[in-house]
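Everything below concerns the one structure shown next.
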Amino acid sequence: MDAELLARISWCESRYQMKWNYLHDTNPDYYTAYGVFQIVRGHEATYGISRMDLEGNIDLAIEIYKAEGTSPWNLSKGCWE
């Protein structure tokens, strides 16, 4: 695992902030990315870890990275590469 790379990804995705992405609205069931790693709801179901608190968001990002590499964060690749 490359912790430095994950830290750069987190910075590029959210500036280390637990926040919704720009698509979020007032509906809590809206399918959107959340947290320091901007994780989508589908990953919560796949890995069984909540993205809604900092610890869970980080743990989930680590599991995603182990299974899928950096591809879930390709949209911000120009920032963290």
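Annotations for the structure displayed:
- Angle between the chain longest axis and helix 54-68 axis [Cα atoms, degrees, rounded to 10]: 60
- For the chain, the longest principal axis of the Cα atoms and the long axis of helix 3-14 meet at an angle of about 40 degrees.
- Paramagnetic reach from Met18 in the stretch 30-74 [backbone N under 11 Å; point 7 Å along Cα→Cβ]: 35-36, 51-58
The numbers here are math on the coordinates, done by the rules we state, and not lab data. Keep in mind it's a predicted model, so treat the numbers as computed, not measured. Note that we place each Cβ from the backbone using ideal geometry, even for glycine, and neighbour counts take in every protein chain shown.
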